[in-house]
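Notes follow once the structure below has been shown.
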Amino acid sequence: MAAIRRSKPNSPTLLLLLLLPQSLLLSLFVCSSVAIATGNGGGYTINGRVKIPGFGAKGFGLPVKANNAKVMLNGGQQVTFLKPDGYFSFHNVPAGTHLIEVDIIGYFFSPVRVDVSARNPGKVQAALTENRRGLNELVLEPFKEEEYYEIREPFNIMNIVKSPMGLMIGFMVVVVFLMPKLVENMDPEEIRKAQEEMRNQGVPSLASLMPGGGRSN
Amino acid sequence: MDPKVIPNTPKHASSSQIPPPPFSLFIPTNNLIAMAMAIKLPLILLFFSSSLIPTFSLFEDQVGLMDWHQRYIGKVKHAVFHTQKAGRKRVVVSTEENVIASLDLRRGEIFWRHVLGANDVVDKIDIALGKYVITLSSEGSILRAWNLPDGQMVWESFLSGSKSSKALLTVPANLKVDLDSPIIVYSGACIHAISSIDGEYLWKKDFASEGSVDVHQLILPGGSDVVHAVGVTDSSQFDTYEIHIKNGGLLKHTSASFPGGIYGEILPISGDRFVVLDASRSVLVLITIENGQIHLEQTHISDLIHGSSGNTVILPSKLSGIFSLRTDNGIVFIKVTDEGKLNVMEKVDKTVVISDALPLSEGEQAFALVQHGDGKIELSVRLVHDMSSNHLKETVKMDHERGFVHKIFINNYVRTDRSHGFRALIVMEDHSLLLLQQGEIVWTRDDGLASVIDVATSELPVEKIGVSVAKVEHSLFEWLKGHMLKLKGTLMLATPDEVAAIQKIRLQSSEKSRMTRDHNGFRRLLILLTRAGKLYALHTGDGRVVWSTLLQSLRTTSQQCAGIKLHQWQVPHHHALDNNPSVLVVGRCGLSLTSPSALSIVDAYTGKELQNMGPVQHSTVQVISLPFRDSSEQQLHLLIDADKRAHLYPTTPEAAHIFQRESENVYWYSVESEAGILRGYGVKKSHSSDTPSEYCFETRNLWSVVFPSESEKIIGTVTRKPNEVVHTQAKVIADEDVMYKYISKNMLFVATVSPKASGPIGSATPDESVLVVYLVDTVTGRILHRMTHLGSQGPVHAVLSENWVVYHYFNLRAHRYGMSIIEIYDQSRAENKDILKLIVGKHNLTTPVSSYSRPEVTTKSQSYFFTHSVKAISVTSTAKGITSKHLLIGTIGDQVLALDKRFVDPRRSLNPTQADKEEGLLPLTDALPIIPQSYVTHSFKVEGLRGIETVPAKLESTSLVFAYGVDLFHTRIAPSRTYDSLTEDFNYALLLLTILALVVAIFVTWVLSERKDLQDKWSWPQTQLWLQSSSEQRLLNICSTPVNMFVNQNR
């Protein structure tokens, strides 16, 4: 808190924390996460923090790819960057309802709606716009990681089998092994009959396709 | 043999409409069946895959295969070298594109880079404590420190001031004296002191209370605890302040009045001497502070330099004891002696560029001069104490197309013989950045490409016939080798070295970067017009610069000329095939809309300026490409000037004749956003006498749409791409019903908001903001459709294609971004469905489509939420318009997202019926999905994204996408997958192997069957034996029967 107050040495600084009791313990450590300070120009300051789980022992520290992180207010009206501990702040923000977006490549963040009240300075409301969940403190966490590439599956036999050529081979194998079984189940007399028939007829479909195939055996 | 199979086989083959390859006749029927299956199977697979949502997706190893990404920074404004320590030598720069970057001094590569917000302009940069880059931005209100090695922001300080003023930054240079000496910033009429270690705010001295003093210089004398501020009050009084560095207490204030008034900035000469120009710019005022008193001494410039006129400026190079003065005749170095006398030392040409002083050792300073020669530049480094001779003089060959030197920054290094060597970073007229060292260009960066204004494309030349046989053999061998390697890779047999070789072959395929036209139309030239007035041609295959031209038409005048538009001028297709295609560049000389224009026509293959028409008499507000061509296939263009006159180009009698004939059908419109008026124009038939030439036409206002200024303000308009191709007008929907798209090239989308809501988000409440969108016909001015979005506001980004428009806006009630679609259908053609009517002839299919007619239109629309802010929105375009479309959305994170058009279909419903499902309609969701794999830029960012351009390839399935901003990115996408070609990954070797294996199998089975046949013939009486023979033999018999017969037949 002291850090924030110091940043405004000669302007009346007002910090109001909207922290639930259970997060009070945390707040001692995290300092003020949603903090709105009045500036002398009528503007306010929005302080917040971006936290990426799974990095650093205490959630501190940002991954290497967060190096190019940006935080944007109202679609690029103001752009700020993250400090090493993930904190960011927007200065000179007029009262009203604002939208904060976080851009870190590889992560999907929901935009956050932040209300800065003029009548009631310090009263702050923040909510994720994607799922309308209210935030007690302006700690922004990614919804999910974004993977921009398809995962190339390692070579396995199923892929080959599933491919058209594999299916073709599979079909052949099926024909090769199942047809005799079919033939086995048939009456040997019938088979002979059919064979005789075929020998007599030839294969009309093929024969007609042959050059000069009109001649039958 | 199963008799059912055989008769079916030919039917299958013929029903698939693909004639079976001839060799299929020579293979056993089983294979024929399999072939038929193989033909059917891909169809089945295709059916399966098409039922899923096709996303643009890429494997990680496919990066660079068909895309390229180039990173730029823009025109350098400031540069600070960091070369003291051993290790990586770097230069930190800030640019006009609002980029701060750390560049490798050896190669010019970017170590790290940050693009600041558009209204967060960098004022000053410096390096503090040898490890932080300090930037002052937003008119001096934001001070940031960045870690020098990796670019991580370390701290940020907001400096609030009382009123706006210029921004000055002073970083303590000498680190050894006092580690915690603060950074002193003057901004907002206050002096702020900030700790350089953690950005802690120490003190502030407000000058607003001291009267309206404007501080010009902050001086931090090394080793003292006092900061000197020199300023001017009401431009008639000099003030100097001494402020204690630890607490901000004012120690001393002296002032002296100067009734003459001043011009420009006060320049320090030494610790207690300053020089400034008076208001008339003819008198130099030397200010000396002595014993707390200010002495002023005036010298007429005409006494020093003979024959100099006005336009005198003091150049801001801080050299101790010397200052430089630029007049109309040249640059003059003037030495200030200890007694306060001014001595002219040297005169140089006025195109000479001077660097800042570089402190070498105790009290010694060097600076660099750059002089232009013919095709070369002369760099000379001089010592301030010894101005008479050049310490170093180097001549460097310089490309003509880079223009003049604009800026120079120098840095020194100590050679092995302990003498000083110098390296110079120069910024050229085309915004490129070069490092000169030892008379050579070490590296260059084409940073003009960071400020692309307009994009056009051109075909490449047709390949010359006559390729040597050896070359073909060689390439065939290479091709086979590559495919064998690939096969190895697929079968996981490749060693790591081979895997690397495969990747290299894929990336550096010579095929994609050849300079000839290809069958698929993937190879093109991207012609880019940049803010520096330079034209670049980039090859779409690998992104290299094929040629670049600094347009002479934009350089001829002294005014600030800049290109504004790029148009296709000549695209030879039928007649003028010997000519190369060319583009028309329209520029403007001056800042106002009424300034004269400059035109040039540039050959798209070579970059030569074919015609240089600049500056022409008239201004240019609007450029219209007419759909007419003359006999040499030059496109007719109309340039509309500020007086609403139309100027026809090319200025040939033939063009004038064509235009006269067609002038009745030429319409255009103008959008006056400030006044809130849309106007439509046509050409006056009669030639009035006061037009300056026969190629100038008077225009008449045909219609106006006036939006009420108290309730609506135009914030965006968008129209269809003129070269867009629509495949069909009819859209078949479920139950075989047909809807006719209303397709008009003259449709304009206009978005207006209530004036209160025209500001940024957060400035208006939902109740007072209304977004209204219109579809206007630009020939008649008729409003086809109007729609109101209550509680919504801009910014609006929209794209209009075929019969639909998609627009992105901000929904204040939900406080989310919204995206809506409007589809417009022609109702008057709806009756044509009746076959009876068609037979009887009661249809209107033969009536010509006319913009004059009053169409009966219906619209369908739907709205969705969209997560991100949007910077640009575009749509894919294909050669024939058959392929389904993807929207290309440039998000706030500088990525380009491909969104299937099927997601924005107004016919989506919550519970789609069976018919809807069959048609492929998706169930309605409230938000549009963002699938990470469908980012066409995958893990790249196109920093500072400004526009997305799409060009159809010749292959119908594919569209070329070019996104530009500070970075450039090119890729090609197939919205419905590449259904008309094999992918690059297709393994020909595997196919060949399979065929080979099949052929071998045929012969083996044939031989086996022959043998079997013989055996059978020998054992014919013993039928019982046949029945007892193994199943395998029987199988062979079955398999080989047809072959047998075939053999028999041929005997």
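Bear in mind that the values in this text are calculations on the coordinates, not laboratory data. Keep in mind the model is a prediction, meaning the values are calculated, not measured. Because the Cβ atoms are built from the backbone with ideal geometry, glycine has one as well, and the counts that use them run over all protein chains shown.
The aspartates and glutamates within cross-link reach of B:Lys745, meaning a Cα-to-Cα straight distance under 12 Å and a gap of 8 or more places when in the same chain, are B:Glu724, B:Asp777, B:Glu802. Between the beta carbons of B:Lys376 and B:Leu304, assuming R0 = 41 Å, the FRET efficiency works out to 0.80 to the nearest 0.05. Summarising the label geometry, the points placed 7 Å from Cα in the beta-carbon direction at B:Lys684 and B:Ala256 lie 6.5 nm from one another.
Suppose the chain between B:Ile882 and B:Ser592 were pulled fully straight at 0.36 nm per residue; how much longer would it get relative to their current alpha carbon spacing?
On the way: separation 290, 0.36 × 290 = 104.40 nm, distance 4.35 nm.
Computed gain between B:Ile882 and B:Ser592 is 100.0 nm.
Mind scanning B:Lys644/B:Lys860; B:Lys756/B:Lys941; A:Lys51/B:Lys77; A:Lys51/B:Lys941; B:Lys376/B:Lys721; B:Lys756/B:Lys917 and naming the pairs with a C-alpha gap bigger than 32 Å? Beyond 32 Å between Cα atoms: B:Lys644/B:Lys860; B:Lys756/B:Lys941; A:Lys51/B:Lys77; B:Lys376/B:Lys721; B:Lys756/B:Lys917. For the stretch B:154-303, dividing the convex hull volume of the Cα atoms by the residue count gives 114 Å³ per residue. The mean count of C-beta atoms from other chains within 10 Å of the C-beta of residues in B:601-607, rounded to a whole number, is 0. On the basis of the beta-carbon distance and an R0 of 25 Å, B:Ser209 and B:Asn291 show a calculated FRET efficiency of 0.40.
What FRET efficiency, computed as 1/(1 + (r/R0)^6) with R0 = 41 Å and r the Cβ-Cβ distance, is obtained for B:Leu924 and A:Arg119, rounded to the nearest 0.05? Write out the running numbers ahead of the final one.
Details: r = 39 Å, r/R0 = 0.96.
Given R0 = 41 Å and the Cβ-Cβ separation, E is 0.55.
Which entries of B:Lys512/B:Lys880; B:Lys131/B:Lys246; B:Lys534/B:Lys901; B:Lys124/B:Lys163; A:Lys181/B:Lys488 show an alpha-carbon separation above 30 angstrom in the structure shown? It would help to have the intermediate numbers written out before the result.
Numbers: B:Lys512/B:Lys880 23 Å; B:Lys131/B:Lys246 23 Å; B:Lys534/B:Lys901 36 Å; B:Lys124/B:Lys163 19 Å; A:Lys181/B:Lys488 38 Å.
Table pairs above 30 Å Cα-Cα are B:Lys534/B:Lys901; A:Lys181/B:Lys488.
Net charge dipole, the stretch B:976-1019: roughly 240 debye, given to the nearest 20, about the Cα centre with Cβ charges of +1 for Lys and Arg and -1 for Asp and Glu. For the stretch B:622-664 and the stretch B:258-302, write down the distance between their C-alpha centroids in whole Å. Distance between centres, Cα-based: 58 Å. Partner aspartates and glutamates whose Cα lies under 16 Å from the Cα of A:Lys193, excluding those fewer than 8 positions away in the same chain, are identified as A:Glu184, B:Asp2. Highest mean first, the peptides B:958-971, B:941-954 sorted by other C-beta atoms within 10 Å per residue fall in the order B:958-971, B:941-954.
Footprinting exposure proxy ranking of B:Asp356, B:Asp198, B:Asp374, fewest other C-beta atoms within 10 angstrom first, gives B:Asp374, B:Asp198, B:Asp356.
Relative to the compact-globule scaling 2.2 N^0.38 Å, provide the ratio for the alpha-carbon radius of gyration of the stretch B:243-351. Walk me through the numbers on the way to the answer.
Numbers: Rg = 14.9 Å, N = 109, 2.2 N^0.38 = 13.1 Å.
Rounded to two decimals, the normalised Rg is 1.14.
For the pair B:Ser389 and B:Ser704, the difference between a 0.36 nm per residue extended length and the Cα-Cα distance amounts to 106.5 nm. Straight-line cross-link reach from B:Lys713 at under 17 Å between alpha-carbon atoms covers these aspartates and glutamates, not counting any fewer than eight positions away in the same chain: B:Glu672, B:Glu674, B:Asp767, B:Glu768.
For the peptides B:640-651, B:91-102, B:657-668, B:997-1008, residues were scored by their other Cβ atoms within 10 Å and the scores averaged per peptide; the highest-first order is B:91-102, B:640-651, B:657-668, B:997-1008.
At full extension, B:Gln617 and B:Ala730 could sit 35.9 nm farther apart than now, given 0.36 nm per residue minus the alpha carbon distance.
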